[in-house]
Amino acid sequence: MWVYECHKMDFTKAEKLESQNEVQQPQQPTKGTSFFRTCFNGLNALSGVGILSLPYALAQGGWLSLFLLFLVAVLCWYTGLLLRRCMDTHPLIKTYPDIVEFLILEGDNLDKLFPNTAFKVAGMKIRGKQAFVMLTSLIVLPTTWLKSLALLAYVSAGGVLASFILVICIFWVGAVDKVGFHENDLDLNWRGMPIAISMFAFCYCGHAVFPTLCSSMKDRSKFSKVLLVCFITSTINYGSMAVMGYLMFGEHLKSQVTLNLPIKKMTTKIAIYTTLINPLTKYAIITAPITTAIEETSLFCNSRSLSILIRTALVSSTVIVALTIPFFGYVMAFIGSFLSVTASMLLPCLCYLKLNKAARKMGLELIIIVAILVAGLFIGVVGTFTSIKQIVKHL
């Protein structure tokens, strides 16, 4: 009887401790990023430089390929939810699909604004796009030294605003500056479909940042709502840009819609300057998963000077790649089909299936996941082959 009472008392104490933990658990995250700040960071990660090439992607695939943009958005939103379920037990996905594109983009647009510009560095004369790529990397470098995602949210808010201003400027050029919305070309172009869908995939490659954003939140249970807000808002912005740009320039579209705009118009200059600001606000948030992963190792832990050195080296490595392969459209297609599909479609599905035995049983969920894996593999193989072929051809 005495033993029974002791066990009963221990059991009661255990229950009290558990109940106390349950009550105190929601109060644990006293620090972290708020819901709205995380939305800004998420939108900034998703609303990337891909928005400039969506009209070109639509021109490559035809009007019916617009359906694929919305399909890719839904698939990537769903895999974001799968990734959210795996975040607590799965290591961070480490890749940086956007950052090389940022530098190529800046070089292209600055070269259009200031043609025949050259700089001298250590006795060497650097001209045109290469000069602007190097200059941009120096400007963006200090933003990568920020560690707090709460502080980066203010930078991200500027990036989100810049994306919306860019869409408004494109509309203004078409409606007010009399470029017009008169082009009406192909409904479907099968030959251009691999490039188109690869670019669409590139636009939704924020999954590498999602674990970092989620773990930084005060209330991680709200991250699913963050994903919904970010994907809906980004898709509306993407769709608007794709349709307006294609209606304005049709098959004459260049890899970035800003390169088609009449340079003498004030709205064009606002659009290009906004485009220049946009990547500067995104670089730090995109590189965050890599730098965080490196700095969390015991060797670099709690060393501010080494942290700055790592982030500087990362920027330098992307400058080298951007100078070597300055073909915005095809690099974007390659990154979209290879890196983005891997990080945004394949890895979240495989991770979820590995960690969740119930998901492996035949049912609707398994059918959806297998369909995403098949679609991802198809986009990855075909898109990668096509984009590499084009890059090699231009090299």
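The values are calculated or read from the model by the stated rules, or taken from the named source; none is laboratory data. All values reported here derive from a predicted model rather than from experimental measurement. Note that we place each Cβ from the backbone using ideal geometry, even for glycine, and neighbour counts take in every protein chain shown. In case anyone asks, the SASA skips ligands and DNA or RNA and just uses the protein heavy atoms, side chains included. Shrake-Rupley method; radii C 1.70, N 1.55, O 1.52, S 1.80 Å.
Could you give every pair whose Cβ atoms fall below 9 Å, whose first residue belongs to segment 27-43 and is over 9 Å from ASP219 (Cα atoms) and outside any helix (DSSP H, G or I), and whose second residue is of a type in the set (A, V, I, L, M, F, W, C) and at pLDDT below 90, counting only separations of at least 6 or pairs across chains?
Taking only residues 6 or more apart or on different chains, the pairs are LYS31/ALA150.
Would you pick out the residues in segment 233-282 that are of a type in the set (Phe, Trp, Tyr), over 17 Å from GLU183 (Cα atoms) and either open to solvent by less than 40 Å² (accessible area, probe 1.4 Å) or not in a helix (DSSP H, G or I) (or both)? Explain how you work it out, then say what you get.
Here is the first cut: in segment 233-282, the ones of a type in the set (Phe, Trp, Tyr) are 238, 246, 249, 273.
Now restrict to residues that are over 17 Å from GLU183 (Cα atoms): 238, 273.
Of everything in segment 233-282, just one residue is of a type in the set (Phe, Trp, Tyr), over 17 Å from GLU183 (Cα atoms) and either open to solvent by less than 40 Å² (accessible area, probe 1.4 Å) or not in a helix (DSSP H, G or I) (or both), namely TYR238.
Determine whether PHE181 is at pLDDT below 90 and either buried (at least 24 other Cβ atoms within 10 Å of the Cβ) or among the hydroxyl-bearing types (Ser, Thr, Tyr) (or both).
Working: at pLDDT below 90: yes; either buried (at least 24 other Cβ atoms within 10 Å of the Cβ) or among the hydroxyl-bearing types (Ser, Thr, Tyr) (or both): no.
Taking the combined requirement at face value, the residue does not satisfy it.
Mind checking which residues of segment 62-91 are in contact with a Lys or Arg (Cβ under 9 Å, 6 or more places away or on another chain) and in contact (Cβ under 8 Å) with a residue 24 or more places away in the chain?
Restricting attention to segment 62-91, the residues satisfying the condition of being in contact with a Lys or Arg (Cβ under 9 Å, 6 or more places away or on another chain) are 84, 86-88, 90.
Residues satisfying the conditions are ARG84, CYS86, MET87, HIS90.
Any idea how many residues of segment 207-232 are in contact with a strand residue (DSSP E or B) (Cβ under 8 Å, 6 or more places away or on another chain), open to solvent by 10 Å² or more (accessible area, probe 1.4 Å) and in a helix (DSSP H, G or I)?
Count: 1.
As an exercise: evaluate MET345 against (1) open to solvent by 20 Å² or more (accessible area, probe 1.4 Å); (2) under 15 Å from ILE197 (Cα atoms); (3) at pLDDT 85 or above and give the number of the one condition it does not meet.
The number of the failed condition is (1).
With the requirement that a residue be of a type in the set (Gly, Ala, Ser) and within 30 Å of GLY32 (Cβ to Cβ), what does segment 203-261 give you?
At the first step, the residues of segment 203-261 found to be of a type in the set (Gly, Ala, Ser) are 206, 208, 215-216, 221, 224, 234, 239-240, 242, 245, 250, 255.
Passing the criteria: GLY206, ALA208, SER215, SER216, SER221, SER224, SER234.
Would you be able to say whether some residue in segment 185-201 is in contact with a Pro (Cβ under 9 Å, 6 or more places away or on another chain), open to solvent by less than 50 Å² (accessible area, probe 1.4 Å) and under 17 Å from LEU347 (Cα atoms)?
no
Being closer than 23 Å to PHE202 by Cα, at pLDDT 80 or above, in contact with a helix residue (DSSP H, G or I) (Cβ under 9 Å, 6 or more places away or on another chain) and surrounded by fewer than 21 Cβ atoms within 10 Å (Cβ to Cβ) is the requirement here; does GLY42 meet it?
no
Conditions: (1) touching a residue at least 12 places away in the same chain (Cβ under 8 Å); (2) outside any helix (DSSP H, G or I). LYS178 meets all but one. Number of the miss?
(1)
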